[in-house]
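Step one of this worksheet: look at the structure below.
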């Protein structure tokens with residue numbers, strides 16, 4: 001007896017994708033002030049990107065369950081520039097004041113063999129003259 005193949009409805013695949021998706025990317029919903037808690041899988045990179053102007057500064061902090069490679073960079077004419085150079089850290093609190101209007105990315109890379117949970121907080125602040 002032949003059985004008819006049944007296709008799963010769209011909602012089934014959407015739900016399955018949500019259940020097996022590894023964490024939430026920080027770049028999905030960026031506000032001027034936000035907090036996020038998520039996992040970075042081994043060998044993966046995640047970033048939080050936002051446009052900053054010289055009239056703004058950024059306060060940020062993160063705390064992770066393992067060491068991550070961290071930097072702040074932007075892209076211009078197919079090149080990457082690093083106003084905050086890459087370093088290995090599991091915890092950091094800092095500030096950044098850009099010299100030009102760019103889309104800056106706070107970036108974390110997990111070089112560990114296990115997932116690393118990270119809590120990130122950031123806030124854009126108008127600079128006073």
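The values are calculated or read from the model by the stated rules, or taken from the named source; none is laboratory data. Note that the structure is predicted; figures quoted are calculated from it, not measured. So basically every Cβ, Gly included, is an ideal-geometry build from the backbone, and we count neighbours across all protein chains shown.
Hey, among 80, 27, 100, 90, which residue is surrounded by fewer than 15 Cβ atoms within 10 Å (Cβ to Cβ), modelled with pLDDT of 90 or more and not in a strand (DSSP E or B)?
Numbers: 80 fails: not in a strand (DSSP E or B); 27 fails: modelled with pLDDT of 90 or more; 90 fails: not in a strand (DSSP E or B).
When all the criteria are applied, what remains is 100.
Regarding residue 58, is this residue surrounded by fewer than 16 Cβ atoms within 10 Å (Cβ to Cβ), over 15 Å from residue 36 (Cα atoms) and touching a residue at least 40 places away in the same chain (Cβ under 8 Å)? I'd like the intermediate steps shown before the answer.
Numbers: surrounded by fewer than 16 Cβ atoms within 10 Å (Cβ to Cβ): no; over 15 Å from residue 36 (Cα atoms): yes; touching a residue at least 40 places away in the same chain (Cβ under 8 Å): yes.
When the stated conditions are applied, residue 58 does not pass them.
Quick one: in the stretch 68-77, which of the residues that are part of a strand (DSSP E or B) and over 15 Å from the mean Cα position of the chain (by Cα) is surrounded by the most Cβ atoms within 10 Å (Cβ to Cβ)?
From the stretch 68-77, those part of a strand (DSSP E or B) are 68-76; that's our starting set.
From the residues that got through so far, the ones that are over 15 Å from the mean Cα position of the chain (by Cα) too are 75-76.
Working: 75: 13, 76: 10.
Per the criteria, the residue is 75.
Considering only the stretch 103-129, state which residues are in a strand (DSSP E or B) and under 20 Å from residue 56 (Cα atoms).
Just the residues of the stretch 103-129 that are in a strand (DSSP E or B), to begin with: 103-109, 116-126.
Within the stretch 103-129, 103, 104, 105, 106, 107, 120, 121, 122, 123, 124, 125, 126 meet the criteria.
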query: For residues in the stretch 103-129 being over 18 Å from residue 49 (Cα atoms) and either loosely packed, with under 15 Cβ neighbours inside 10 Å or over 15 Å from the mean Cα position of the chain (by Cα) (or both), which is modelled with the lowest pLDDT?
result: 129
